[in-house]
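Worksheet: one structure, shown below.
The values are calculated or read from the model by the stated rules, or taken from the named source; none is laboratory data. Note that the structure is predicted; figures quoted are calculated from it, not measured. We place every Cβ from the backbone using ideal geometry, glycine too, and count neighbours over all the protein chains shown. Quick note on the areas: whole protein, heavy atoms, side chains included, nothing else; ligands and nucleic acids left out. Shrake-Rupley method; radii C 1.70, N 1.55, O 1.52, S 1.80 Å.
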Amino acid sequence: MKQTARDGARRTTANRRPRSWKNLGWVLFFLLPSAIPLFVFTLVPMVSSLWVSLHRWNLISPMEWVGLGNYTNLLTDPMTRRVFLHTLAYVAGYLPIVYAGGLLLALALNQKLKGRAFLRATYFLPVVTSWVVVALVWKWLLNPTNGLVNQLLGAVGLPEPGWWTDPAWALPAVILSSAWKDLGFVMVILLAGLQSVPGDYYEAAKVDGANAWQRFWRITLPLLSPSTFFVVVISLINGFQVFDQVYVMTGGGPAGSSQVVVGQIYDLTFRYGRAGEASALSWLLFALILVITVVQIRGQRKWVHYA
């Protein structure tokens, strides 16, 4: 009897195996259209850049093996520290503004307002606009001589900053334009989170005598934490890779006051012909983003609530 059961189990397994392999083949077949570009345009360049980072190369002459020499040079170069500090300062200024602004917009547009669909589309429009266009518009708005922002500040008697021509104001100018462009993205994500909060919770809180601030602090923010976590992770990753707006608005200046990591990678490669060091710097940036992301993912257990 036991032997018969074992034979039946073997036959069942044997019958299932070809079908599972056949399904695997179909899975691979349907994945190929996306897997091939991913492999060719992402994985291969990543491995290639790692290989280049171990060489001295000016994009013209043959590569010369230097091992970890490029990494050593970068870690002892004051400019590397400087561009990382500028990038951290950018992220520290950009993230609170874009999150707070996006949250306020989401809360406002979650109310029953006339024309709120039009307003949502209007606030989201900058997200799908080219960064070059946005940067050029903000460069004109923040023109120290005849820009609209300084004209308004002067009209009310406030100081008129030099913005992208002043080393002290160049990075804040980039932060301001970046936050304005990305407000719509944060708004949409947080708005989706707000609409997933059950209305029964607010009604029960009102019955218990909770005011608007208590409802926001005790119900809205905790239940919005998954959306907040997503926004923070994505915004940090994008923030550390900032480049387009810096390149268009300030070019890293004046006097390198707004130079960021990706801008330095660009300059090392195409301006100074030091592609090996540029590749090494890109891997240092990748390592930093990876560590910060892992820390966030591990730390989410303490403050993210999936109800």
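Annotations for the structure displayed:
- Entries of Lys114/Lys181; Lys112/Lys206; Lys114/Lys206; Lys114/Lys302 with Cα pairs more than 27 Å apart: Lys114/Lys302
- Across Ser258, Ser225, Ser235, mean-square fluctuation computed from a Gaussian network of the chain (C-alpha pairs under 10 Å connected) peaks at Ser225.
- Positive-end residue of Ile292, Phe216, Pro226, charge dipole of segment 170-292 with Cβ unit charges: Ile292
- A full extension of the chain between Leu119 and Ile292 corresponds to an added length of 58.8 nm, given 0.36 nm per residue minus the alpha carbon distance.
- Inter-site label distance for Thr42 and Val197 at 7 Å from Cα along Cβ, in nm: 3.4
- Only helices reaching 24 angstrom along their own axis (Cα) with mean Kyte-Doolittle hydropathy no lower than 1.0 count here, and for the DSSP H runs of the chain these are 78-109, 170-195.
- 37 °C / 0.692 mPa s Stokes-Einstein diffusion coefficient of segment 35-104, Kirkwood radius on C-alpha pairs, µm²/s: 212
- Per residue, the chain exposes 61 Å² of accessible surface when a 1.4 Å probe is rolled over the protein heavy atoms with every protein chain present.
- Accessible surface of the chain, 1.4 Å probe, proportion on carbon and sulfur as whole %: 67
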